[in-house]
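The values are calculated or read from the model by the stated rules, or taken from the named source; none is laboratory data. This structure is a prediction, so every number in the text was calculated from the model and none was measured. Glycine gets a Cβ as well: all are built from the backbone with ideal geometry, and neighbour counts include every protein chain shown.
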Amino acid sequence: MDFEYTPKVKEMQARLLAFMDEHIYPNEQRFFDEIAENRAKGNAWIPTKIVEELKPLARKAGLWNLFLPKSPRAPQGLSNLEYAPLCEIMGRVPFAAEIFNCSAPDTGNMETLERYASEELKDEWLEPLLRGEIRSAFLMTEPDVASSDATNIECEIRRDGDEYVINGRKWWSSGAGDPRCAVYIVMGKTNPDAGRHEQQSMIVVPANSPGVTVVRALSVFGYDDAPHGHMEVLLKNVRVPASNLLLGEGRGFEIAQGRLGPGRIHHCMRTIGCAERALELMCKRLNSRVAFGREVARQTVWQERIAESRCMIEQARLLTLKAASMMDTVGNKVAKAEIAMIKIVAPQMACQIIDWAIQAHGGGGVSQDFPLAYAYAHQRTLRLADGPDEVHRNSLAKLELAKQLAMPGEVDMPITRGS
């Protein structure tokens, strides 16, 4: 299995690293300062100027819409394996992916629209998303049920003539706090009497539809992630054209599986970049601090943690590349075990390395002076987002059991005494 990056990808890596050095790292503090300034003025939910200023530069540099493979509407899209090292670089800074129009949940929503929407819906919503003119949200999780089991979802999508009427309450609708968020993809039930996996459907809902109320922002370890946000959204008698339904009634679970595979691997790619940066910050801090008469980096406990961190990152990266390669060659369905594995491994790996990096920074590690506390909050959340660890482990175990049971039985060899 060859994971050597192609000359094309290596050239794009160099271009992306140069862009990060010139435009993103120097403006990292400005991004958070802008949000703090907007919050002090009474409204943190305003797009930052720095991100909007950098987007045209990213397009000009040819670093735009890299995530979407095999789409005539985004011919610059890369394969999953090609995209992996680039997405990893973007993951080093929390807001970087948006600058390249490669951030969640827009990437998953754009892939969903590309795969499952009518040409009319693509013209109306996919095209402005690809241009970066609007943003989107994905409404699946609900507060009143265990949403890790998507069949529990209670949001009602009821046919009424040429329209569907939607009633339900969603939360953790990431991106719905952004004033540029113009469209939702909503998952709900069109037929509660159908088979367990044929009850659900997905439908496109304009965010300004009558009956849509953004109730509140949910914080993550105290962070509200403005201007992006993770919102609770109430849908009350929301009417949309019947043509807004994706693929057909009862196809929602199928669409969810198709959408979440790429979304999960993109998270893992960015997670590796986040862990790499945490390790770099940890080493820099340990080399710059003296305690008990010598550099902290010379203490064996920290050398063990540094070595373990490098092993963990490399293992997660190789597993992610394998999953990406399989998605490209045999498809998401065949690669479902590998996708489950990386979703288990990558966030746990990053949480451990960031935790060590925080420890290395002492009190500074949990403060706003370093990006580690914010990074930890995000990575810890990824152990829940797109399916909790327990669900992925359960799915992986079932696949493994099925594989082992399908193998020919071993013949017990008799135990004989030597002569």
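Scanning segment 346-384 for residues that are crowded, with 21+ Cβ neighbours inside 10 Å and farther than 30 Å from residue 290 by Cα returns 346, 347, 378, 382. Kindly establish whether residue 153 is over 18 Å from residue 256 (Cα atoms), crowded, with 22+ Cβ neighbours inside 10 Å and among the β-branched types (Val, Ile, Thr). Against the criterion (over 18 Å from residue 256 (Cα atoms), crowded, with 22+ Cβ neighbours inside 10 Å and among the β-branched types (Val, Ile, Thr)), residue 153 does not qualify.
Among the residues of segment 52-66, write down those that are surrounded by fewer than 19 Cβ atoms within 10 Å (Cβ to Cβ) and of a type in the set (A, V, I, L, M, F, W, C).
57, 61
Among the residues that make up segment 308-321, is at least one of them over 14 Å from residue 273 (Cα atoms) and either in contact with an Asp or Glu (Cβ under 9 Å, 6 or more places away or on another chain) or not assigned by TED's automatic domain parsing to the domain that holds residue 382 (or both)? There is at least one residue in segment 308-321 that is over 14 Å from residue 273 (Cα atoms) and either in contact with an Asp or Glu (Cβ under 9 Å, 6 or more places away or on another chain) or not assigned by TED's automatic domain parsing to the domain that holds residue 382 (or both).
So, in segment 198-255, exactly how many residues are part of a strand (DSSP E or B) and of a type in the set (D, E, K, R)? The qualifying residues number 4. When segment 366-396 is filtered for residues that are closer than 22 Å to residue 336 by Cα, of a type outside the set (Gly, Ala, Ser) and in contact with a His (Cβ under 8 Å, 6 or more places away or on another chain), the ones remaining, listed by number, are 382, 386. Within segment 359-386, restricting attention to residues that are free of Cβ contacts under 8 Å to residues at least 24 places away in the same chain, not charged (D, E, K, R) and not in a helix (DSSP H, G or I), the residue that is farthest from residue 109 (Cα to Cα) is 367.
At pLDDT 95 or above, within 18 Å of residue 387 (Cβ to Cβ) and touching a Gly at 6+ places or on another chain (Cβ under 8 Å): is that true of residue 269 in this structure? Against the criterion (at pLDDT 95 or above, within 18 Å of residue 387 (Cβ to Cβ) and touching a Gly at 6+ places or on another chain (Cβ under 8 Å)), residue 269 qualifies.
Pairing each residue of segment 91-114 that is farther than 19 Å from residue 27 by Cα and in the same structural domain as residue 76 (by TED's automatic domain parsing) with any residue that is part of a helix (DSSP H, G or I) and of a type in the set (Val, Ile, Thr), provided the two are 6+ apart or on different chains, yields C-beta distances under 8 Å for 112/255.
Of all the listed residues (148, 174), the sole one being within 30 Å of residue 95 (Cα to Cα), touching a residue at least 40 places away in the same chain (Cβ under 8 Å), touching a Pro at 6+ places or on another chain (Cβ under 8 Å) and surrounded by fewer than 20 Cβ atoms within 10 Å (Cβ to Cβ) is 148.
Checking each residue in segment 201-227 for being surrounded by 14 or more Cβ atoms within 10 Å (Cβ to Cβ) and under 17 Å from residue 163 (Cα atoms) picks out 201, 202, 203, 204, 205, 206, 207, 209, 211, 212.
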